[in-house]
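To start, the structure itself, in structure tokens.
Each reported figure results from applying straightforward, stated rules to the coordinates on display, with no laboratory input. The structure presented is a predicted model; accordingly, all values stated were derived computationally and were not measured. Cβ placement follows ideal geometry from the backbone for every residue including glycine, while neighbour counts extend to all protein chains displayed.
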2 protein chains.
Amino acid sequence: MTTVLEQAQRARVAARGLAKLGRAEKDRALRALAARLRESVERITPANTKDIERAKAIGLSAAMIDRLTMGAKTIESTAVGVEYIVGLEDPVGSRREMVQRPNGLLVGRQRIPLGTIGMIYESRPNVTIDSAALCLKSGNAVLLRGGKEALETNRMLGEIVAETLTAAGISPDAVQIVSAESRDTISELISLSGWVDLVIPRGGEGLIRYVTEHARVPVIQHFKGVCHLFLDLACDVEMAIQLALNSKTQRPGVCNALECLLVHAGTAPTALPAIAKALMDAGVELRGCPTTCRLVPAAKPASDADWGMEYLDKILAIRVVDDIDQAMEHVARYGSNHTEAICTSSYDHANRWVREVDASCVTVNASTRFNDGGQLGLGAEIGISTSKLHAYGPMGLESLTSEKWVVFGEGQVRQG
Amino acid sequence: MTTVLEQAQRARVAARGLAKLGRAEKDRALRALAARLRESVERITPANTKDIERAKAIGLSAAMIDRLTMGAKTIESTAVGVEYIVGLEDPVGSRREMVQRPNGLLVGRQRIPLGTIGMIYESRPNVTIDSAALCLKSGNAVLLRGGKEALETNRMLGEIVAETLTAAGISPDAVQIVSAESRDTISELISLSGWVDLVIPRGGEGLIRYVTEHARVPVIQHFKGVCHLFLDLACDVEMAIQLALNSKTQRPGVCNALECLLVHAGTAPTALPAIAKALMDAGVELRGCPTTCRLVPAAKPASDADWGMEYLDKILAIRVVDDIDQAMEHVARYGSNHTEAICTSSYDHANRWVREVDASCVTVNASTRFNDGGQLGLGAEIGISTSKLHAYGPMGLESLTSEKWVVFGEGQVRQG
């Protein structure tokens, strides 16, 4: 029985090899991976069927089974995702401006891989391929600890990646599947200080809290998304309706969906009834502060627990505030540093919102739903960070790298 | 008795205020701090004398007492350091290239402060002022937990900073001294997950290990500096002598001093005797591999323990290697990811060294002593990181910031 430590030790050796690869070699392997995935529908589907049957037998929800399913369509879109990564620039090796110091030394910073990444995730087996592809392109080895429910599928995907790497002359230890048979492998993975450089947990809040509290290695934290939209005194009511509708209803179950609408007291009397109607027509339940309930009799009174609540459902809290300061106070108190939007036609307030609100993404006159790797132009994302260390927001290739200092001299020595 | 948690809670509020300040306001406060320090020699010196007397009474070493001493000269150089920070660009608010997405959204990243920094350090009380100034300029609140031996001096410096901030209209909670009366305040500070955004320990390896192992908040790690210099087959022997001498002897007790010299087998017969002579003339004890000892009879035989050893003294390990690959193998196995230098006239080997060696700073034909915030152009440094997460190498103002995404729209909503 291979331990996770042994896997991490092999990954460390593989990572050193990966760090030397040029973009062409990595892109060639990624293209081969996309091709092999497409050719492997008949290997993946039976493995996936086993997972689905077991999931049904133990009574997992239909939503869970849907996320678990990896048929020809998901395989194709996953392969397309891998090809998209081929098209992205390789961050490794790029140098920031090199400056000449007074003693003639040329100094600057060069991007390098982090080393070995540990991914801990649930259900969706396409995360296995997305993560493998992002880590390969950024020159990192990766240990993939998927959910127990996707065990057979992930094992097969691991085989396919290993075959691809071997054929490309890259050590298959660069991408390893960690056994999902027992929870102990999670504990072991997050304890490997010195062997694992970063752990990225993706899944429910419980999993993320467990990993954060017990890890002895750095962890990217992403707890929840309690996103607000503030409708300023000067704002385009039509735009406000569209932003609120899109942010709340386009996909209510995700972390960048709107959970609370804040409305300037001067805007509320004219705008709120129309916005409320549009939202209710879209099936959204409204929970308002007293002023909201007076203006929108159909809204239910909000309780204290509604502020800061992540509904992940067609429910929206609404609060009327005195001004942008009160709106920002509310966001600072109840927000989760995820996505915070303002709808305003004031240059000054747009600037203040962008400068003063602390969130991984602040938007002006745009839906909260844009806080997403693909929408922001990163391509695929390996995770999202709501803490500021190392990365904040969606993490793409660059977030999987660091920078080292490089110094070019002609024999300079230090004087003082 | 104020708890560290209460201090951190006040710091959080102050940090929100700091994040809004423009460069001019921060620079004005920094200039005032430099001025007040210069005016306060007669307040600082008596406090410092108390610390020194206590240190002498409990028998601290002369070196320790030297580091503890803060007389007029140290106060002046500290004030000059604060003024240097005035001259540095404010990283906060700067934006990376904003790109237009196909839907017309303008997206990019903007630098923001991290929030609240916890500094844990020993002896040198000027760290109190350096850290306060760097954190203020980068818009971060800071909790300063200095060493017990500098208790009176740090308390006085804290008062001087607080007076300066108050006079400048900035909350004095932005820079707070944490009691050094008991070790418990360290444990408490590093446990404040959600309140303290980053802890930077500076001091002995014991302190850093303790903080790393027990922290519930992110920690910048800096264990030790085992720096190598590799003399390639093609290299300028005169340059090699100067680099080895400077790296080893300019200041042997610091982390970027040379600890091990690796010499190409083809270079060793001609170069090693001359280099060894120069080093021995400078009082350096040599510990060599068998080949080294044959070429340099005065060298002592190295034991296994000498490879990877951080002497922090006038002792140097020397090993003859077959080629650059063996040199890089040695560095990967025994190095500490701090500073790794090559002396070469080969373009290809210079490139390979820079690309393949994993260290916070790699140098070509330059002394290891250049891995230093001041030498690299950062100005003051708040610490140095030998792990790759968030920062790698000397940390200046930029390392005290993160980036958030900013999105400017004209009502865009997400379609798919």
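Quick look at the values:
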| quantity | calculated |
| --- | --- |
| Estimated [θ] at 222 nm from DSSP helical runs (n ≥ 4, -39500 (n - 2.57)) normalised by residues in chain A, nearest 500 | -13000 deg cm²/dmol |
| Alpha carbon convex hull of the stretch A:111-187, projected area averaged over orientations, nm² | 5.0 nm² |
| Exposure proxy order (Cβ contacts within 10 Å, fewest to most) of B:S346, A:S40, B:S399, B:S182 | B:S182, B:S346, A:S40, B:S399 |
| Kirkwood Rh (inverse of mean 1/r, distinct Cα pairs), the stretch B:167-215, angstrom | 12.5 Å |
| At R0 = 25 Å, FRET efficiency that the Cβ-Cβ distance of B:Y84 and A:M98 yields, to 0.05 | 0.65 |
| Whole-Hz ³J(HN,Hα) from phi, Karplus 6.51 cos²θ - 1.76 cosθ + 1.60, for the stretch A:161-166, glycine and proline x | 5, 4, 4, 4, 4, 4 |
| Theoretical FRET efficiency, 1/(1+(r/R0)^6), r = Cβ-Cβ of A:A265 and A:E181, R0 51 Å, to 0.05 | 0.35 |
| Simple Cβ-charge dipole of chain A, Lys/Arg +1 and Asp/Glu -1, about Cα centre, in debye nearest 20 | 920 debye |
| Pairwise label distance in nanometres, B:S191 with A:A167, each label 7 Å out on the Cα-Cβ vector | 5.5 nm |
| Value of D in µm² per second that Stokes-Einstein yields for the stretch A:163-265, Kirkwood Rh from Cα pairs, at 20 °C (1.002 mPa s) | 122 µm²/s |
| J(HN,Hα) series, the stretch B:27-35, from Karplus relation 6.51 cos²θ - 1.76 cosθ + 1.60, nearest Hz, glycine and proline x | 5, 4, 5, 5, 4, 5, 5, 4, 5 |
| Alpha carbon Rg of the stretch B:257-310, scaled by the compact-globule rule 2.2 N^0.38 Å | 1.06 |
| Semi-axis lengths (Å, descending) of the ellipsoid that matches the C-alpha gyration tensor of the stretch B:1-130 | 39, 18, 14 |
| Relative contact order for chain B, counting Cα pairs under 8 Å that sit 6 or more residues apart, in percent | 17 percent |
| Listed residue (B:L144, B:V226, B:A19) projecting farthest to the positive dipole end of chain B, Cβ model | B:A19 |
| Virtual spin-label span in nm between B:I315 and B:M1, 7 Å along Cα→Cβ | 4.3 nm |
| Cα gyration tensor of the stretch B:211-275 - equivalent ellipsoid semi-axes, whole Å, descending | 34, 13, 8 |
| Considering only chain B, percent of DSSP beta bridges that pair antiparallel, nearest 5 | 25 percent |
| Relative contact order (percent, whole number), the stretch B:119-175, Cα cutoff 8 Å, 6+ residue spacing | 40 percent |
| Distance between modelled label sites at B:V237 and B:I65, nm, 7 Å Cα→Cβ extension | 4.8 nm |
| Projected-area mean, the stretch B:227-375, by convex hull of Cα positions, square nanometres | 7.5 nm² |
| Potential extension, A:R209-A:E53 segment - 0.36 nm per residue separation minus Cα distance | 53.2 nm |
| Listed pairs B:K73/B:K248; A:K224/A:K388; B:K26/B:K73; B:K26/B:K404; A:K224/A:K248; B:K148/B:K224 exceeding 18 Å between Cα atoms | B:K73/B:K248; B:K26/B:K73; B:K26/B:K404; B:K148/B:K224 |
| Hull-based mean projected area of the protein assembly as shown, where the convex hull spans the alpha carbons, in square nanometres | 36.5 nm² |
| Along chain A, longest interval not containing exposed GluC sites (Glu not before Pro), exposed being DSSP loop plus at most 10 other Cβ atoms within 10 Å | A:182-416 |
| Whole-Hz ³J(HN,Hα) from phi, Karplus 6.51 cos²θ - 1.76 cosθ + 1.60, for the stretch B:48-57, glycine and proline x | 5, 4, 4, 4, 5, 4, 5, 4, 5, 4 |
| Ellipsoid equivalent to the stretch A:315-392 - semi-axes via the Cα gyration tensor, in Å | 23, 14, 13 |
| Cubic angstrom per residue, convex hull over Cα atoms of chain B | 178 Å³ |
| Estimated FRET transfer efficiency (A:A24, B:A282; beta-carbon r; R0 35 Å; 0.05) | 0.15 |
| Residue among B:N154, B:L192, B:T166 farthest towards the positive dipole end of the stretch B:147-212, charges placed on Cβ | B:L192 |
| Average Cα contact separation per residue, the stretch A:227-375, under 8 Å, 6 or more apart, as relative contact order % | 32 percent |
